[in-house]
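**Q** My structure is below; once you've seen it, I'll send some questions.
The values are calculated or read from the model by the stated rules, or taken from the named source; none is laboratory data. Note that this is a predicted model, so its numbers are computed, not measured. Quick note on the areas: whole protein, heavy atoms, side chains included, nothing else; ligands and nucleic acids left out. Shrake-Rupley method; radii C 1.70, N 1.55, O 1.52, S 1.80 Å.
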Amino acid sequence: MHDDQAAIRRILTELGDTWAVVGLSSNRQRAAYGVAEVLRRFGKRIVPVHPKAESVHGEVGYPSLAAIPFPVDVVDVFVRSDLAGAVADEAVAIGAEAVWFQLGVTDDAACRRTRAAGLTMVMDRCPAIEIPRLGPAR
C-alpha cells in the first residue's frame, strides 16, 4: 500500500498542478519549505496551509483546506501521522483529486477511506524525491 508507483506517476504527471501543502510555513528549516520549492520548480502551484496562514514562496497562505477559495488538485500532508487522517478527510470534503502523505506519515485507515472516496493516495513518500525520477521539468 505504501509503494504505489502508478499512483505516484498519476499524481505527478496526470492530475492538475495546484498543490495544497498542509504544514507549510515560512520556516526555511522545515522539510515542507524545501519540498514546496522543488514542486514549484517542476511547475506546481503551491498553496500554503498552516494555522498561521503565512505567505510562502509568494503564495497566499490559508489556515485550513476549507478556507482555500479555489479548487485544489493534490493535498500534500506534512503533519504527524496521528493528525494526517483528519487532513485526508478534509481533502475528500473539498473535492481534491489526490492526497500525498510525506515520508514518515502513515495512516492505513485514512488511506483506505481516501481511496474508497475515489482519490488517488500515496503514503510515506516524498514528491521532491519522486518527481525528478520522472524526467525533466515540464
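**Q** Excluding ligands, DNA and RNA, what is the solvent-accessible area per residue of the chain at a probe of 1.4 Å, expressed in Å²?
**A** 47
**Q** Averaging sequence separations of C-alpha pairs under 8 Å and six or more residues apart, then dividing by the length of the stretch 24-138, give the relative contact order as a whole percent.
**A** 21
**Q** On to the next question. Could you tell me what percent of the accessible area of the stretch 1-102 is made up of carbon and sulfur, with a 1.4 Å probe and every protein chain present?
**A** Solvent-exposed carbon and sulfur of the stretch 1-102 make up 49 percent of the total.
**Q** Show Thr120, Thr13 ordered by accessible area, largest first, where the area counts protein heavy atoms only and the probe is 1.4 Å.
**A** Thr13, Thr120
**Q** Please figure out what share of the DSSP beta bridges in the chain is antiparallel and state it in percent, rounded to the nearest 5.
**A** Percent antiparallel among DSSP bridges in the chain is about 5.
**Q** Report the far tail of the P(r) of the chain, meaning the percent of Cα-Cα pairs longer than 28 Å.
**A** Tail fraction, whole percent: 7.
**Q** Amide H of Cys126: which non-local residues (sequence gap of 5 or more, or other chain) have their own amide H closer than 5 Å, using H built in the peptide plane?
**A** Excluding prolines and chain starts, which carry no amide H, the hits are Leu103.
**Q** Before rounding to the nearest 500, sum -39500 (n - 2.57) across all DSSP H runs of length at least 4 in the chain and divide by the residue total; then give [θ] at 222 nm in deg cm²/dmol.
**A** Result for the chain, helices only: -9500 deg cm²/dmol.
**Q** For a quick check of understanding: with a 1.4 angstrom probe and all protein chains in place, what accessible area in square angstrom does Lys44 have, to the nearest ten?
**A** 10
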